[in-house]
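Presented below is the structure to which this report refers.
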Protein chains: 2
Amino acid sequence: MPSAIINSRDVDFLLHEWLGVEALCARDRFSDHSRETFDAVIDLARRLAETEFLPHYRTADRIEPRLDDDGAHVLPEVAEAVKAFARAGFMGAAFPAELDGMQLPHVVYTAAMAHFMAANVATAAYPMLTTGNAGLLAAFGTPAQIDAFAKPEIAGRYLGTMCLSEPQAGSSLSDITTRAVPDGEDVLGPRYRLSGNKMWISGGDQDISENIVHLVLAKVEGADGKLVPGTKGVSLFIVPKFLLDADGGPAERNDVVVAGLNHKMGYRGTTNCLLNFGEGTRHRPMGKAGAVGYLVGSVGQGLPIMFHMMNEARISVGLGAAMLGYRGYLLSLAYARERLQGRHAAARGTGPMVPIIEHADVKRMLLAQKSYVEGALALILYAARLVDEQHTGESEAQRRAAAELLGLLTPIAKSWPSEWGLAANDIAIQIHGGYGYTRDFDVEQLYRDNRLNPIHEGTTGVQAMDLLGRKILKDRGVALGQLAARIAKTVGRAQCHPELAVEAKALAAAWTEIGAVAGRLGTMGDDPHLLDNATPFLSAFGHGVLAWLWLEQALVAQTATAADADAAAFYQGKIAACRFFFAFELPKTGPWLRIVDSRTDIAASLPAAAF
Amino acid sequence: MPSAIINSRDVDFLLHEWLGVEALCARDRFSDHSRETFDAVIDLARRLAETEFLPHYRTADRIEPRLDDDGAHVLPEVAEAVKAFARAGFMGAAFPAELDGMQLPHVVYTAAMAHFMAANVATAAYPMLTTGNAGLLAAFGTPAQIDAFAKPEIAGRYLGTMCLSEPQAGSSLSDITTRAVPDGEDVLGPRYRLSGNKMWISGGDQDISENIVHLVLAKVEGADGKLVPGTKGVSLFIVPKFLLDADGGPAERNDVVVAGLNHKMGYRGTTNCLLNFGEGTRHRPMGKAGAVGYLVGSVGQGLPIMFHMMNEARISVGLGAAMLGYRGYLLSLAYARERLQGRHAAARGTGPMVPIIEHADVKRMLLAQKSYVEGALALILYAARLVDEQHTGESEAQRRAAAELLGLLTPIAKSWPSEWGLAANDIAIQIHGGYGYTRDFDVEQLYRDNRLNPIHEGTTGVQAMDLLGRKILKDRGVALGQLAARIAKTVGRAQCHPELAVEAKALAAAWTEIGAVAGRLGTMGDDPHLLDNATPFLSAFGHGVLAWLWLEQALVAQTATAADADAAAFYQGKIAACRFFFAFELPKTGPWLRIVDSRTDIAASLPAAAF
């Protein structure tokens, strides 16, 4: 039986039968591991997710975080779950042993995280942000900063945030106005005083951890005492909620105040805060106003450094979106197997009622969900596998190639599960009928929770501009060429299987078209309208990637030997989901690409007054 | 300036410039009316909707109906709004004068209702159900039943419901088990005692009205004392909450009890009840258990009679879905005009921030919404215009043709706005960014409210089977031929305008393909898999209808003389929305139709175990 939160058979299939993660154990970094340790970690994740994360899923939606003079308070169950997660070592799962981590491959860690996300995405957001935060510090912080902040995060004593948006600057980070003024230097590095307001800060305050490590983007004044326009002056600072005492423990309160909590459609267990830095009204650290912050890296390097965490966060958002969709699929599948309604089409309205899974339209809705959510999980695990390749690939060329391909796929990993995981949740409700619209069924909440994902960490529109503008056109198609080569290999393998020849041909044709359209855009030079239709391009590209990953899965299933009837049914399902995706989904790329290729200005040219 | 709930300029355009409703005044039934009375009614609707319906939109979401021993209680503001609606005469707007109605054309009444739906769909549900209920009684009830129940409904003293679903029988009405046993006869007709449970009853109880008129589907026992299987034994009964005294006023409590309220994702201002009939525990009317019900029409005619109200309700659901989308569009348009973020693409990141409506991708999202919601409203008003034609068309042939076309379009009028109005609400959130995900902005609630519409009054899947199975194949394409003829006329007119020639050609091609696919399905005989892919067929058909209605609107705009710059901008917007729909939406029909035409059994043939 599949567990309530994930199909463990599918996780096995993706990790072992498809991605062959056991082979990673041959590499130095993972030589202490084996298939057994990988499986034990996944098992533990499933148990913890089911016992510590899942039970308060609905409670944390009903009883939202609250704010009082002491700050934000969350449900005790949320705090307990985060602590259990840390106690089990998951905060450090992907960190090296010298940082007290388990030194697991990123792909195994990601598969473990999938379980927590599926069980309770809002509670899982705290560790997700914290590991990203610690990862950034491990990469760019000084040894003292790592000891002071990253290690307590890995131990689960501190939690982390990322503070980018401001009320007047959402997606547009060049317009931030949080100001950082030099204030000396101490063992933790160059010290600044920050002042400004940050908006939409997930985990911006909570009563779970001893301390909170805010990573804050702010602008250092130029020589003229003014903020440098654009992104050049943007720098990154560690702003702890509590300054550290001589022993490195939390001491004096820093000048950071929660000015308000947002009340959201879903994802309610995660506090979402408006933070005021440097007001000096409630807290005056070391006797004066201004939030104390320590520079990470150098002045002006804030954005590139932040993107280290941001890229990871984007893939994590994709994972969360995939898993919200995934659990909705499993719930609607279980419902469809039990709910009696109507009769077989062939029975002409007579005979006993049948489970609704027997109806063709319900099967269509289930298969659509399956193709979206299992496809989305495959995408995220593939991206996570590229992270490992980027760090431990055998040659410099392999590592660079993996990094480039990961960069190209990151906007897809963020946006595709967000759009289509939500579409899956929509279908899960539909299968439940009226019941799915009530708050008695989790599919209702899964849908509300997932609606956040196309918005945060860069909207779908922002991902589209990143994909087409930076990752393809500015890159001059280098990474795209790598992807095309991998796809061509898959096509070649699939052509040898008559059962998959139709799909192989369709995939090759789709990518020929995607490549041709991208190539023609590449001839437009710096036309300001180059990215006008970036979003339909993203849609087509994403479907093209997913079709590839489905053909990859079908190839494994097609060539596998089924040990028993269950295994045979599982492989049959994988092949059917692949065929479904090619028949029902991939053809959508045609209309999307024709929009891009036509360079239509129907939208762009319409004056605001005509709407 | 457009009002907050609707663009009045658009309503004018649709009613007068496109549908020419003033011409209806030449008909006997509407001879007391004029353009002035029509416009006055619309004006009054807008004012009432803004002052009585809109202000408690969010309150009624936050403070849900509650249940105690006296039954269900709603916000006082909901009750006040419904009473104000009735006082203004809107309950009877489309009813004839002899039933104390205003005898307005259905299309004008529908345009008025659009305002109430846009302002507060949950509050508008009470009048919507009541007018449908009274309409059914006016058509099928005895004079005594009309006097006793329909007239107090038209006066707003009583409200009505429709009681179809049961816990074990959602969409499958042949499986209902509510039982009706003969219990004599009185002035209100053959009297029965009903027992059973009804689920998902909107307005099933409330403290707004003096009495509630439940229209209940139940089965009369056959000669053998058993319920007749299938739909044949299904009959319709009036079951009032309070029996009437000798003067026709509410008296003894009937044996109907609210067993529970559903707690929904949205649409919360409308009570949604589990009703128990005939338990005999709390109420024993006339000394014994059993809910007293009066037969409407004859035994076994329940379903065809109920469909009188159901068809109207389906179009009303479409209207509500359209208007939820419509208001979201207007809110996101206003937001996009004010919110500063980023710079013009051509400005290369320098210069002042611009309103986000200046960004091509935001324009794309606005134009998508515009094409969905103004298109959906046009569809509903077209359907309402057919209702008038059905009743007052000049010849029997015209009336029959209108009825047939209305039957064909009803599943589209129900499902298309439900699917695409919701898609519009999704985009409205996206334009608001993080703000749209908070409960501080109405777009959040509009999205939750609209998620009901693809479910109730027949899911999208049920509409698809109705369209393809009953309205096309069983009808042998008669109604489809009528539609095709009207579309051909539009194409012919558009071909004379070079600016619309591309769209004319595309529309003709799309309908050639739709007709061909339907024709090939028609050769399949009674293959049980005939309807397996009915839903993609519905999707394609719906987009084909909407493309037609957009070309109709563009034709009006193209040939209109603009009196000023505002009018010119309005017409420009209509033409752009048409072009957008043809470029971005209509091409989706290709992939949908190819699925249908391929008769794929990828979904239908997959065994339940393989999911």
Margin query: I'd like the distance separating the alpha-carbon centroids of the range B:485-540 and the range A:184-250, in whole Å.
Written below: 61
Margin query: How much of the pair distance distribution for the range A:459-601 lies past 24 Å, counting alpha-carbon pairs only, in percent?
Written below: 36
Next item on the list: Report, in deg cm²/dmol and to the nearest 500, the calculated mean residue ellipticity at 222 nm for chain A, where each DSSP H run with n ≥ 4 adds -39500 (n - 2.57) and the sum is divided by the residue count.
Entry: -16000 deg cm²/dmol
Checklist line | Compactness index (Cα Rg / 2.2 N^0.38 Å), chain A | finding: 0.98
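Sort B:Phe570, B:Phe85 so the one with the fewest other Cβ atoms within 10 Å of its own Cβ comes first.
The most exposed by this proxy come first: B:Phe570, B:Phe85.
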Next item on the list: May I ask you to report, in nm to one decimal and beginning with the shortest, the distances from B:Gly222 to the same position in the other copies, taking label points 7 Å along Cα-to-Cβ?
Entry: 9.0
Next item on the list: Give the cross-link partners of A:Lys83 among the aspartates and glutamates, using a straight C-alpha distance below 14 Å as the criterion and excluding same-chain residues fewer than 8 apart.
Entry: A:Glu52, A:Glu153, A:Asp207, A:Glu210
Check: What nm distances, shortest first, do you get from the label point of A:Asp70 to those in the other copies when the point sits 7 angstrom along Cα to Cβ?
Finding: 4.1
Note to self: Using amide H atoms built in the peptide plane, which far-off residues or other-chain residues are under 5 Å from A:Tyr158 H to H?
What the structure shows: A:Glu153
Next item on the list: Rank A:Ala464, A:Ser195, B:Pro355 by how far each Cα sits towards the positive end of the charge dipole of the protein assembly as shown (+1 on Lys, Arg Cβ; -1 on Asp, Glu Cβ) and give me just the farthest.
Entry: A:Ala464
Check: With +1 on each Lys and Arg Cβ and -1 on each Asp and Glu Cβ, how big is the dipole of the range A:459-601 about its Cα centre, in debye rounded to the nearest 20?
Finding: 280
Notebook entry, point to check: Placing a label point 7 Å from Cα toward Cβ, how far apart in nm is B:Glu185 from its equivalents in the other copies, listed shortest first to one decimal?
Noted result: 10.4
Checklist line | Average partner coverage of B:165-171, which counts Cβ from other chains inside 10 Å | finding: 3
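Before anything else, pin down the relative contact order of the range B:226-268: Cα pairs under 8 Å, at least 6 apart, normalised by residue count, whole percent.
For the range B:226-268, the relative contact order is 23 percent.
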Next item on the list: Within 10 Å of each Cβ in peptide A:428-434, how many partner chain Cβ atoms are there on average? Round it to a whole number, please.
Entry: 5
Check: At B:Glu396 and A:Lys505, where each label point lies 7 Å from the Cα along Cα→Cβ, what is the point-to-point distance in nanometres?
Finding: 5.6
Notebook entry, point to check: Given A:Pro76, A:Thr123, A:Pro65, which one lies farthest toward the positive end of the charge dipole of the range A:8-154, if we put +1 on the Cβ of every Lys and Arg and -1 on the Cβ of every Asp and Glu?
Noted result: A:Thr123
Check: What's the exposure ranking of B:Leu483, B:Leu227, going from fewest to most Cβ atoms within 10 Å?
Finding: B:Leu227, B:Leu483
Check: Based on the mean of other beta carbon atoms within 10 Å per residue, what is the order of A:390-402, A:92-104, most packed first?
Finding: A:92-104, A:390-402
Note to self: In the range B:253-353, if the dipole is taken from +1 on Lys/Arg beta carbons and -1 on Asp/Glu beta carbons about the Cα centre, which of B:Val257, B:Gly290, B:Ala334 is farthest to the positive end?
What the structure shows: B:Ala334
Note to self: With +1 assigned to the C-beta of every Lys and Arg and -1 to the C-beta of every Asp and Glu, and no other charges, what is the dipole magnitude of the range B:149-300 about the Cα centre in debye, to the nearest 20?
What the structure shows: 320
Item checked: the range A:8-154: mean projected area of Cα convex hull, nm² -> 9.9
Notebook entry, point to check: Size of the dipole of the protein assembly as shown about the Cα centre, Lys and Arg at +1 and Asp and Glu at -1 on the beta carbon, nothing else charged, in debye to 20?
Noted result: 1740
Note to self: Using a 10 Å cut-off around each Cβ of peptide B:262-268, what is the average number of partner chain Cβ atoms that fall inside?
What the structure shows: 5
Item checked: Flagged links, alpha-carbon separation over 24 Å, of A:Lys264/A:Lys414; A:Lys151/A:Lys288; A:Lys471/A:Lys574; A:Lys474/B:Lys588; A:Lys505/B:Lys588 -> A:Lys151/A:Lys288; A:Lys471/A:Lys574; A:Lys474/B:Lys588
Notebook entry, point to check: Using the scaling law 2.2 N^0.38 Å as the reference, what is the normalised Cα Rg of the protein assembly as shown?
Noted result: 0.95
Next item on the list: Tell me which residues come under 5 Å, amide H to amide H, from A:Glu166 once H is placed; ignore anything under 5 positions away on its chain.
Entry: A:Met199
Notebook entry, point to check: Quick one: Karplus J couplings for the range B:251-268, per residue in order, coefficients 6.51, -1.76, 1.60, θ = phi - 60°, nearest Hz, x for Gly and Pro?
Noted result: 10, 5, 6, 7, 8, 10, 10, 7, 8, x, 10, 7, 9, 9, 4, x, 6, 6
Margin query: If you average the alpha carbon positions of the range A:58-94 and of the range A:383-417, how far apart do those two centres end up, in angstrom?
Written below: 31
Check: Tally Lys and Arg at +1 and Asp and Glu at -1 over the other residues with C-beta under 13 Å from the C-beta of B:Ile412: what net charge comes out?
Finding: +1
Check: Using the Karplus equation 6.51 cos²θ - 1.76 cosθ + 1.60 (θ = phi - 60°), what ³J(HN,Hα) coupling, rounded to whole Hz, does each residue of the range A:58-69 give in order, writing x for Gly and Pro?
Finding: 7, 4, 5, 7, 6, 10, 6, x, 10, 10, 9, 4
Item checked: Order of B:Phe140, B:Phe581 under a 10 Å beta carbon neighbour criterion, fewest first -> B:Phe140, B:Phe581
Checklist line | chain B: DSSP helices with Cα axial extent of at least 18 Å and average Kyte-Doolittle hydropathy no lower than -1.0 | finding: B:35-48, B:106-119, B:121-140, B:302-338, B:360-392, B:396-432, B:478-495, B:501-522, B:534-559, B:565-580
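Values in this text are rule-based calculations from the coordinates and carry no lab data. Note that this is a predicted model, so its numbers are computed, not measured. Ideal geometry is used to build each Cβ from the backbone, glycine not excepted, and the neighbour counts take in all protein chains shown.
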